[in-house]
Protein chains: 2
Amino acid sequence: MLSLRVMVSGGSVTQDGGDNGDRRGSARGGRAAAAALVECVPNFSEGSRPEVIDAIVAAAASVHGAAVLDRHADAVHNRMVLTIAGPPGPVAEAAFRATACAAQLIDLDVHRGEHPRIGATDVVPFVPLGATSMQLCVELAVRVGRRIAAELDLPVYLYGEAARRPERRRLPDLRRGEYERLRSYIAVEPSLAPDFGPHRVGRAGATAVGARRPLIAYNVTLATADLGIARAVARAIRESSGGLEAVQARGFRTADPGVMQVSTNLVDTSRTPMTLVFERIRQEAADHGVEVLQSELVGLAPAQALVDVARQALQFDRLDADSVLETRLLQHALGALDQ
Amino acid sequence: MLSLRVMVSGGSVTQDGGDNGDRRGSARGGRAAAAALVECVPNFSEGSRPEVIDAIVAAAASVHGAAVLDRHADAVHNRMVLTIAGPPGPVAEAAFRATACAAQLIDLDVHRGEHPRIGATDVVPFVPLGATSMQLCVELAVRVGRRIAAELDLPVYLYGEAARRPERRRLPDLRRGEYERLRSYIAVEPSLAPDFGPHRVGRAGATAVGARRPLIAYNVTLATADLGIARAVARAIRESSGGLEAVQARGFRTADPGVMQVSTNLVDTSRTPMTLVFERIRQEAADHGVEVLQSELVGLAPAQALVDVARQALQFDRLDADSVLETRLLQHALGALDQ
């Protein structure tokens, strides 16, 4: 849980400079001296064993000043996603402790799941919140990546904004062939040489550590037993196949054999809002004679993305995150803490 | 702006007891000892003169510990709504100072506007946030009401949960005949006797002070020049005429003679969500051959109400205020402040 001391010295999402309460003021402006707040959304290759999940969560939550805001486990993906937030130091420490814990408890040689993965802690993205810079998150990724390599003896790949090779910017590229490919070829294939750590993998596999903008992990389930249809829909909507801007997508099975899933990462909902993603999935599925069942969020979404959905649905003239009571209270609470 | 000192001693929306980060934990439970946080949403009878609006906002914002989160002025209604939040003491002081300022600057004898009103400061509702009790807000209303009567020499009517007569619970009843009726009859008509203050009105009129649950002030504009249609739609959807539960509604003109407005107060969106209100207004308007133009929010809305709209629009399996990053951060930030 965030502590007062840490928040006072470190926490501020945005600054509300408007003492006169004018919402058109500098509520989103940010002060140059604002202390940093970051998010980390590590993914672990365990989605069913509660004792393992609890141990990893407890390791992250053991750090004073780091708030574990959410966890989301999926047994079919055999994967868990944590959302951690706070000042950079405590969040980095929490991410490291969780990674160390996962390395002890997860064995990739026996891990099976629908979701591609390269390690026990598969991916550790740092995300700037509010006025925090991407550069700070890149530096954090490098620092935590080095430490994971040095102290846990794991191969580490820098990805996203922290990538040092262009072919490592995108996770799907980095993860091609998964853990099994690394196990066979990491020692001999130069393109697989990690940025930090040994040129060999143990049962904890390797970890991708990086920095990225906030993204929304958003899934839509389809009433079909045909994985091919979910994959075709995913292909039709994702940017890399000529679909929607800022959308990554992939088809997956679910626990129900009669239900398939289009799993997306929305990396910029100001370019492609959730409503458009949902509508396009619905249309593409309908072209295959398949109905959409429901939407699902993995982890948390920024208020703005959900408010955008409401704005479109009810034809609001103007509605944004600043229209939400809790967002305004947060700005003031963090402004208060930062004084 | 909220100060650290005040927030530490007074501010907590909810407590997140879940150190393990489990969202199914006690994030909404609240500790018995949680300090109170309240909202006050005073309405003033001035919607166009910027110097008057600014003066009232400045008066409210001059109180250390009270955060003016939002202001919303409407020239046609000739009315302004402020949203103030913080611990009870500072919020009460801010409401009083704003009321005192409005009494000096607004003359009801010359005030004209579409919205019914009885005073320069027309209504001062106190609203419990998070675990704060309604009883605390009732006590606050009585305290502030007494002070407005004593120090500003204004008639004060207690309304809503603070009402001492059943016929004063609802504002539309209390406001019937408006300022002009009070001016003529307050001295002679026993039913108009105020709860506090003189049995006469000056140019600042009278003020209704009360306590209520959070409500959403939500308007929908119609593409018609016929006020009668907006009124008919309002009548069809409001609870008091047999319409939707927990919905108050009224038809109004707007600045554009070709556009009319259905103005609603949604007093419990868990009973009647915004989406249903919008759909019913659309249907009723369509029955008159009129199209809906857009939705508008007056002031702020709680995250839950807007997330509910998104949940329905995109068929989410489960989505609530706890799915929003900012809401979770707020819980932790206020938990930190409260330690």
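The values are calculated or read from the model by the stated rules, or taken from the named source; none is laboratory data. Since this is a predicted model, take the numbers as computed values, not measurements. When we count neighbours, we look across all protein chains shown, and the Cβ atoms used for this are built from the backbone with ideal geometry, even at glycine. The area values use the complete protein model at the heavy-atom level, side chains included, leaving out ligands, DNA and RNA. Shrake-Rupley method; radii C 1.70, N 1.55, O 1.52, S 1.80 Å.
Numbers for the structure displayed
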quantity	calculated
Selection from the range B:111-123 of residues that are in contact with a Ser or Thr (Cβ under 6 Å, 6 or more places away or on another chain) and either more than 17 Å from B:Asp173 (Cβ to Cβ) or free of Cβ contacts under 8 Å to residues at least 40 places away in the same chain (or both)	B:His111, B:Ala120, B:Thr121
Residue match in the range B:183-206 (condition: modelled with pLDDT under 95, of a type in the set (A, V, I, L, M, F, W, C) and out of contact with any helix residue (DSSP H, G or I) (no Cβ under 6 Å at 6 or more places or on another chain))	no
Residue match in the range B:95-118 (condition: in contact with a Cys (Cβ under 7 Å, 6 or more places away or on another chain), closer than 16 Å to B:Val38 by Cα and open to solvent by less than 40 Å² (accessible area, probe 1.4 Å))	yes
Any chance B:Arg250 is in contact (Cβ under 8 Å) with a residue 12 or more places away in the chain, part of a loop (DSSP other than H, G, I, E, B) and within 25 Å of A:Val324 (Cα to Cα)	no
Qualifying positions in the range B:135-194 - of a type in the set (Ser, Thr, Tyr) and open to solvent by 20 Å² or more (accessible area, probe 1.4 Å)	B:Ser184, B:Tyr185, B:Ser191
All positions within the range B:299-318 that are open to solvent by 10 Å² or more (accessible area, probe 1.4 Å) and at the interface with chain A (Cβ under 7 Å from one of its Cβ atoms)	B:Leu300, B:Pro302, B:Ala313, B:Gln315, B:Phe316, B:Asp317
Of residues in the range B:129-140 being in contact with a helix residue (DSSP H, G or I) (Cβ under 9 Å, 6 or more places away or on another chain) and either in a helix (DSSP H, G or I) or at pLDDT 95 or above (or both), the one farthest from B:Arg176 (Cα to Cα)	B:Leu136
Contacts under 7 angstrom Cβ, first residue in the range B:260-283 being more than 15 Å from B:Val307 (Cα to Cα), partner of a type in the set (S, T, N, Q) and open to solvent by 50 Å² or more (accessible area, probe 1.4 Å), 6 or more apart	B:Thr264/B:Gln248; B:Asn265/B:Gln248; B:Val267/B:Gln248
Residue in the range B:261-277 that is open to solvent by 60 Å² or more (accessible area, probe 1.4 Å) and assigned to a loop (DSSP other than H, G, I, E, B) present	yes
Number of the condition not met by B:Gly47 [criteria: (1) modelled with pLDDT under 95; (2) in a loop (DSSP other than H, G, I, E, B); (3) of a type outside the set (S, T, N, Q)]	(1)
So A:Ala313, is it under 20 Å from B:Asp317 (Cα atoms) and touching a strand residue (DSSP E or B) at 6+ places or on another chain (Cβ under 6 Å)	no
B:Arg200 charged (D, E, K, R) and open to solvent by less than 30 Å² (accessible area, probe 1.4 Å)	no
Output for the range A:72-109, where each listed residue is among the polar types (S, T, N, Q) and under 12 Å from A:Val57 (Cα atoms)	A:Thr83, A:Thr99
Index of the failed condition, B:Ser323 passing every other in (1) crowded, with 24+ Cβ neighbours inside 10 Å; (2) among the small types (Gly, Ala, Ser); (3) within 12 Å of chain A (Cβ to nearest Cβ)	(1)
Qualifying residue in the range B:331-339 (condition: at the interface with chain A (Cβ under 7 Å from one of its Cβ atoms), of a type in the set (A, V, I, L, M, F, W, C) and more than 21 Å from A:His64 (Cβ to Cβ))	no
Filtered residues of the range B:157-199 (kept if in contact with a Leu (Cβ under 7 Å, 6 or more places away or on another chain), over 27 Å from B:Gln135 (Cα atoms) and among the aliphatic types (A, V, I, L, M))	B:Leu182, B:Ile186
Residue identified as under 30 Å from A:Gln312 (Cβ atoms), away from every other protein chain (no Cβ under 14 Å) and of a type outside the set (Val, Ile, Thr) among B:Arg168, B:Arg231	B:Arg231
Any hit, the range A:213-222, residues being at pLDDT 95 or above and open to solvent by 40 Å² or more (accessible area, probe 1.4 Å)	no
Index of the failed condition, B:Glu296 passing every other in (1) open to solvent by less than 60 Å² (accessible area, probe 1.4 Å); (2) within 7 Å of another protein chain (Cβ to nearest Cβ); (3) of a type in the set (Asp, Glu); (4) more than 21 Å from the chain's Cα centre (by Cα)	(4)
